[in-house]
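Asker: The structure that follows is given in the form of structure tokens.
Bear in mind these aren't lab numbers, they're just calculated from the coordinates by the rules spelled out. Only a predicted model underlies this, so the values are computations on that prediction, with no experimental measurement involved. Counting neighbours? That spans all protein chains shown, and the Cβs are built from the backbone with ideal geometry, glycine included.
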Amino acid sequence: MTLLHYQPPTTPFLQVIYEDSQLLVVDKQSGLLSVPGKRPEHKDSVYTRVQRVHPEIRVVHRLDMATSGVLLLAKTKAAQSHLNRQFQNRTTSKRYIARVWGKPPSPQGEIELPLSCDWPNRPRQHMDFFTGKPSTTFYRVTDFDNGCSRLELTPHTGRSHQLRVHMQALGCPILGDKFYAHSDAFAAAERLLLHAEYLGVTHPQTEQPIEFFSPVQF
């Protein structure tokens with residue numbers, strides 16, 4: 001993946017939503033990598049920033065660089081394993097907010113499309129009915145104005161770029177999406193208007209449900 005002119009935001013440097021002996025939850029900004037890239041100039045990320053204070057920190061899941069919102073990390077190997085199982089077994093709860101071009105065909109619905117990497121154009125993904133992995137997204141329209149819709153998106157699976165490709169396939173690309181939006185939709189926002197608003201998991205130590213929220217800034 002090539003990141004041209006990677007200039008991640010530095011204010012605030014790191015915004016912590018929640019912290020205890022097992023977990024650290026941050027509000028990731030759009031434009032900041034979740035984990036470092038391969039090139040030295042792409043080292044700055046949520047992970048490397050947290051690692052300065054917590055060298056033992058471990059990755060649990062990721063958000064696209066352009067996506068903002070709730071990002072969960074683990075402080076111990078046991079916590080990481082516990083949380084990884086939850087994501088693999090799809091027992092976590094996730095909700096994203098997006099602003100998209102146009103209006104979906106119905107007020108709410110389900111999108112099921114197999115996805116795979118578009119290797120000549122990576123990191124882009126595309127629909128692939130031969131070798132693609134199944135992916136499912138539920139959506140609900142919450143507002144419509146000026147030719148654009150505000151949606152709640154609930155991914156059942158967690159494929160790379162899933163929400164972005166599914167919205168494009170619906171004919172409603174996410175505003176500001178440089179990979180999947182047409183020129184008008186891309187120009188309609190200064191950033192990708194996709195935000196991870198909510199994440200619910202089972203706490204790896206107490207085994208009790210715990211929820212994290214990040215208010216939408218767009």
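Asker: Between F213 and Q108, how high is the FRET efficiency from 1/(1 + (r/R0)^6) when r is the Cβ-Cβ distance and R₀ = 25 Å? Nearest 0.05.
Answerer: In this case the efficiency is close to 0.70.
Asker: To the nearest 10 degrees, how steeply does helix 77-88 sit against the main Cα axis of the chain, on a 0 to 90 scale?
Answerer: For helix 77-88, the angle is close to 20 degrees.
Asker: What does the highest-first list of 197-205, 210-218, 122-130 look like by mean Cβ count within 10 Å?
Answerer: Ranking the peptides 197-205, 210-218, 122-130 by packing returns 197-205, 210-218, 122-130.
Asker: Please give the net charge around I17, taking every other residue with its beta carbon less than 13 angstrom from that of I17, where Lys and Arg add +1 and Asp and Glu add -1. Present the calculation step by step, with values, prior to reporting the outcome.
Answerer: Details: positive: K28; negative: E19, D20, D27, E197, E211.
Its environment carries a net charge of -4.
Asker: Once the convex hull of the alpha carbons of segment 107-155 is built, what does its volume come to per residue, in cubic angstrom?
Answerer: 101
Asker: Explain nothing, just the number: relative contact order of the chain, from Cα pairs under 8 Å at least 6 residues apart, as a whole percent.
Answerer: Values: 470 pairs, mean separation 42.7, N = 218.
Worked out over the chain, it gives 20 percent.
Asker: Set the Förster radius R0 to 22 Å, insert the Cβ-Cβ distance between H156 and T48 as r into 1/(1 + (r/R0)^6), and round the FRET efficiency to 0.05.
Answerer: FRET efficiency, H156 to T48: 0.10.
Asker: A follow-up question, please. Quick check: net charge around F138, other residues with Cβ under 9 Å of its Cβ, Lys/Arg +1 and Asp/Glu -1?
Answerer: Combined, the nearby Lys, Arg, Asp and Glu give -1.
Asker: Still on this model: Compare the Cα positions of L113, P123, S149 along the charge dipole of segment 104-154 (+1 at Cβ of Lys, Arg; -1 at Cβ of Asp, Glu; about the Cα centre) and return the one farthest towards the positive end.
Answerer: P123
Asker: Check the straight Cα-Cα distances from K77 and name the lysines below 26 Å, setting aside those fewer than 8 residues away within the same chain.
Answerer: Candidates past the 8-residue exclusion: K28, K38, K43, K94.
Asker: Using a Förster radius of 45 Å, what is the FRET efficiency between Q205 and K133 based on their Cβ-Cβ separation? Nearest 0.05, please.
Answerer: Calculated value: 0.90.
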